[in-house]
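A.B. asks: My questions will all concern the structure given below.
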Amino acid sequence: MAQVLLKDLNKKYDEVHAVKDVNLHIRDKEFIVLVGPSGCGKSTTLRMVAGLEEITAGEIAIGDRVVNDLPPKDRDIAMVFQNYALYPHMTVYDNMAFGLKMRKFPKAEIQKRVQDAAEILGIQDLLKRKPRQLSGGQRQRVAVGRAIVRHPQVFLFDEPLSNLDAKLRVQMRVELKRLHDRLETTAIYVTHDQVEAMTLGDRVVVMKDGWIQQVGEPLELYTKPSNRFVAGFIGSPAMNFVDVGIQGSDSSLTAQGTGIRLAIPPVNASQLGPYKGQRVTLGIRPEDLHIAAGGDQAGYVFDAVVDVVEPLGSEILLDVKAGPNSLVARVEPTVRLKVHDGVRLAVNPDRLHFFDMTSEKAI
Amino acid sequence: MVIERPWKRWVYFYIPLTLFVIGTLFPFYWMLITAIRPDAELYRSWRAVNNAPFWTLHPTLEHFRDLFEKTTFPHWLWNTFFIAVISTGISLFCGLLAGYALARLKFPMAGALGTSIFVTYLVPPTLLFIPLADIIRNFQLGNTPWALILTYPTFLIPFCTWLLMGYFKTIPKELEECARIDGATRFGAMVRIIFPIAVPGILSAGIFAFTLSWNEFIYALVFLSSPERKTVPVGVVSEMIRGDIYFWGQLMAGALLGSIPVALVYSFFVEYYVTGLTGSVKG
Ligand SMILES: Nc1ncnc2c1ncn2[C@@H]1O[C@H](COP(=O)(O)OP(=O)(O)O)[C@@H](O)[C@H]1O
Ligand SMILES: [Mg+2]
C-alpha cells in the first residue's frame, strides 16, 4: 500500500504529445479513476506508472521511491489488461502463481495465496483449466486473481471491463468495488466510461488531449464541473448547452438566447456581472428541467416543442426544441406528451451552469 | 438458405481435388515403381510384349542394395542430415532473436533493417555462390560440411527471421508486458511466455529451414567435391549419371530414400505447421 505521485509528467511519441504536464497525488488506499475520451492519454499515463513506457519528462514516485528508472518488475505493482493477457499455455493456477514463482516464493505460500485469491473470486473450480476453456467473465476474474495474489502496493487497471457484455460489466464493477474495500490497496483505474468512473472512483480524474481537466470526487465533478468539457462528459444524457447573451442591469440580469430567455439567479449574478453585454454558454442538466407548474417563478420558464419522446420506464427523456436549440429534459414517467406538442419547461434556478465562451471555464 | 446440389460439389470440389492429388503424387509413384523395377524391365523396348510402364511386374530390392553397397549413399544421407540439422539450428536461433527484436523492440532503423534482411533473402543463390566460394576458399573450408553449414544460414536466417517476426506480431504484446510486471525481465518474458506460445511458428520455421537445406543443390554442388562428402541431392545426380548413362533404378531409389525424412517431418508436424502459417493464439 502506498501513495503515488505524478509530477509534471509528460510523454511524447514521435508526432503525438500524448500526456502533458500531469500532476497528481494519489493517496494511499485510494481508488482513483482516469476517465476521458479515447486517445486522451489515459493508458499512456497508466503505462508510465507501470514502467511499460518511458517517461519523456517528469517524475513518478510510488510510496517514497522515485521509480522513473526502475523496470516494471521492481515497481511492486500489478496490472489488469483489457484483453486479460492470460498466458494461454498455462493453467489458471499457473497463471496466478507465475508472479509468485518469479519472485521465488516458497511453494506452500504460493499455494495458499492462490487458493485464497481463488476463493475471493469464486474460481476455485477453474484452477486446472486453460484460459481458452473459460468464458469472458471467468477470464476477467482470473486476470484480477493474478493481480491480487501478489499483494502489490498498487493495482493498475486498463479498461478491464470493456470486453464484457453490459450485464456482466455491471456485476464485475460491483465486485471490483467490494474487492477494493476489502483489500484496501491503492488502485489506478482507466476507463472511457463515465458511469464506471463515477461509480468506482473515490476520486475521478477527467482527461482530454493529454491534459488533466479536473480532479475531484464524483459528485463534485457532477455538480461543480470546472469547464465545459467536464460538464458535457460527465452525466448521461449529457448536459444541455445554450449560447446566450448577458443583458440587463446589475440587479436583474437576464440570459437571452434565440428562443430562450431566462432570468439569472441571484447566486450567479455577481460572477456574471462582468460578462454583461457578452455571450456565454449556459448549461442545464436534463434533470434540472421540468414541466412548468404553478410554483415556478416567471423568469425561469420557457416554451419549447417536443421533438422526440423516449420513455425509459422509470423516467421519460423529452427531446425538445426551443428555437434552434435542442435540449433534453428528464421528466416524470407519468407525463403524457406527443411529438410536436408545445410544452412549457422550467429550470431549477439553483443549478444553472455558465461557461466562458473562449476559455470554456466555468464562471 | 442455399440448397447445394451434389453434382456441384463433385464438379467444383472432389474432381479438381482428385486431379490435383494425382498430379502431386504421380512423381512419387513413378519414383517408387522405378526404384523397385529390375533392369530387364527398365531397359526393355516400348514395343516389347508385356511392357507395362505404369506397373512393375517383378519388384526387386537390388537397386537399394547396390545403392548401399556400391556407392557412398549412407555417407550422403548422414552428411545431408548433419548439415541440415546444424544449419537449421543456427538459423532458428538467430531467427528467433532477430525476429523477436524486429517485432517487439523499438530501435533506430528497425524498419530498414527488417527490409534489408528480407532483401538478402531475395538474392538468388546462383549469384551469391561466386563471392561465397571466394570466402569459403579463404577460410579453407572447401569440401567440408562447414562450407554448407555456414552458407545455408545466408538464406535460412532471413527466412526464419521473417516467418517468426510475423508470428511474434500476432501474439498480443500485453502477455509479455504482464509477465514483465509479474517479475520477469524482458529476456525472461521472451523465453517463458513468448517462445512457448510461438512453438507452432518455431516448428514451421524449423521444418521449412530443414527442408530447404535438405534439398539444397547449388551450394552443395559447388562447395563439395569428394564423393563421400556429398549430400543426397548432389550425390544422386553426380554419381548415378555417368557420362550419358543414367542408372535409373539406383537414381530413383536414392531419391526415394532422400525424400522420406522430409515427408516424415512434415507429416509428423503438419498440424503445428498449419497453425504456424495461419495465425496464433488469442490472449
Ligand atoms: N506507441 C505509440 N506510438 C505513437 N503514438 C501512440 C502510441 N501509443 C499511444 N499513442 C498516441 O498517444 C495518444 C494517447 O493514447 P492512449 O494513452 O492510448 O489513449 P487512451 O486515453 O485512449 O488510452 C493517442 O493519440 C495515441 O494515438
Ligand atoms: Mg487506452
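A.B. asks: Does A:MET96 satisfy the criteria of being touching a helix residue (DSSP H, G or I) at 6+ places or on another chain (Cβ under 9 Å), more than 9 Å from chain B (Cβ to nearest Cβ) and open to solvent by less than 50 Å² (accessible area, probe 1.4 Å)? I'd like the intermediate steps shown before the answer.
C.D. replies: Working: touching a helix residue (DSSP H, G or I) at 6+ places or on another chain (Cβ under 9 Å): yes; more than 9 Å from chain B (Cβ to nearest Cβ): yes; open to solvent by less than 50 Å² (accessible area, probe 1.4 Å): yes.
Taking the combined requirement at face value, the residue satisfies it.
A.B. asks: I'd like to check which helices (runs of 4 or more DSSP H) are fully inside the range B:1-108 and have at least 3 residues that are surrounded by 11 or more Cβ atoms within 10 Å (Cβ to Cβ), modelled with pLDDT of 85 or more and not aromatic (Phe, Trp, Tyr). Lay out the reasoning, then the answer.
C.D. replies: Working: elements: B:6-9, B:15-35, B:39-42, B:62-70, B:73-104.
In the range B:1-108, the matching helices (runs of 4 or more DSSP H) lie at B:15-35, B:62-70, B:73-104.
A.B. asks: Could you give me the residue pairs with C-beta distances under 7 Å whose first residue belongs to the range A:129-142 and is within 14 Å of chain B (Cβ to nearest Cβ), whose second residue is open to solvent by 50 Å² or more (accessible area, probe 1.4 Å) and in a loop (DSSP other than H, G, I, E, B) wherever it lies, and which are 6+ apart or on separate chains?
C.D. replies: Final answer for the pair search is A:GLY136/A:ASN163.
A.B. asks: Can you find a residue in the range B:154-177 that is within 14 Å of chain A (Cβ to nearest Cβ), touching a strand residue (DSSP E or B) at 6+ places or on another chain (Cβ under 7 Å) and among the hydrophobic types (A, V, I, L, M, F, W, C)?
C.D. replies: no
A.B. asks: Is it the case that some residue within the range A:27-47 is more than 27 Å from A:ARG173 (Cβ to Cβ), open to solvent by 50 Å² or more (accessible area, probe 1.4 Å) and away from ligand 1 (no atom under 16 Å from the Cβ)?
C.D. replies: First pass over the range A:27-47, keeping only residues more than 27 Å from A:ARG173 (Cβ to Cβ): none.
No, the range A:27-47 contains no residue that is more than 27 Å from A:ARG173 (Cβ to Cβ), open to solvent by 50 Å² or more (accessible area, probe 1.4 Å) and away from ligand 1 (no atom under 16 Å from the Cβ).
A.B. asks: Go through (1) within 16 Å of ligand 2 (Cβ to nearest atom); (2) more than 14 Å from chain B (Cβ to nearest Cβ); (3) in contact with a helix residue (DSSP H, G or I) (Cβ under 6 Å, 6 or more places away or on another chain) for A:GLU53 and report which single condition fails.
C.D. replies: Of everything listed in (1) within 16 Å of ligand 2 (Cβ to nearest atom); (2) more than 14 Å from chain B (Cβ to nearest Cβ); (3) in contact with a helix residue (DSSP H, G or I) (Cβ under 6 Å, 6 or more places away or on another chain), A:GLU53 misses just condition (2).
A.B. asks: Determine whether B:PRO196 is out of contact with any strand residue (DSSP E or B) (no Cβ under 6 Å at 6 or more places or on another chain) and touching a residue at least 40 places away in the same chain (Cβ under 8 Å). Please lay out each step first, then the result.
C.D. replies: Details: out of contact with any strand residue (DSSP E or B) (no Cβ under 6 Å at 6 or more places or on another chain): yes; touching a residue at least 40 places away in the same chain (Cβ under 8 Å): no.
So B:PRO196 fails the test.
A.B. asks: Can you go through B:ARG242, B:ARG192 and tell me which one is over 30 Å from B:GLU41 (Cα atoms), of a type in the set (Lys, Arg) and open to solvent by 20 Å² or more (accessible area, probe 1.4 Å)?
C.D. replies: Answer to the selection: B:ARG192.
A.B. asks: OK, next. Scan the range A:316-329 and report the pairs whose first residue is among the acidic types (Asp, Glu) and whose second residue is in a strand (DSSP E or B) and open to solvent by 10 Å² or more (accessible area, probe 1.4 Å), with Cβ atoms within less than 6 Å and a gap of 6+ or a chain change.
C.D. replies: So the pair list comes out as A:ASP319/A:ASP307; A:ASP319/A:VAL308; A:ASP319/A:VAL328.
A.B. asks: Could I ask something else about it? For the range A:147-166, enumerate the residues that are in contact with an Asp or Glu (Cβ under 8 Å, 6 or more places away or on another chain) and surrounded by fewer than 21 Cβ atoms within 10 Å (Cβ to Cβ).
C.D. replies: Result: A:GLN153, A:SER162.
The values are calculated or read from the model by the stated rules, or taken from the named source; none is laboratory data. Nothing here was measured: the structure is a model prediction, and the numbers come from that model. We place every Cβ from the backbone using ideal geometry, glycine too, and count neighbours over all the protein chains shown. Each accessible area value is taken on the protein alone, full model and side chains, heavy atoms only, with ligands, DNA and RNA left out. Shrake-Rupley method; radii C 1.70, N 1.55, O 1.52, S 1.80 Å.
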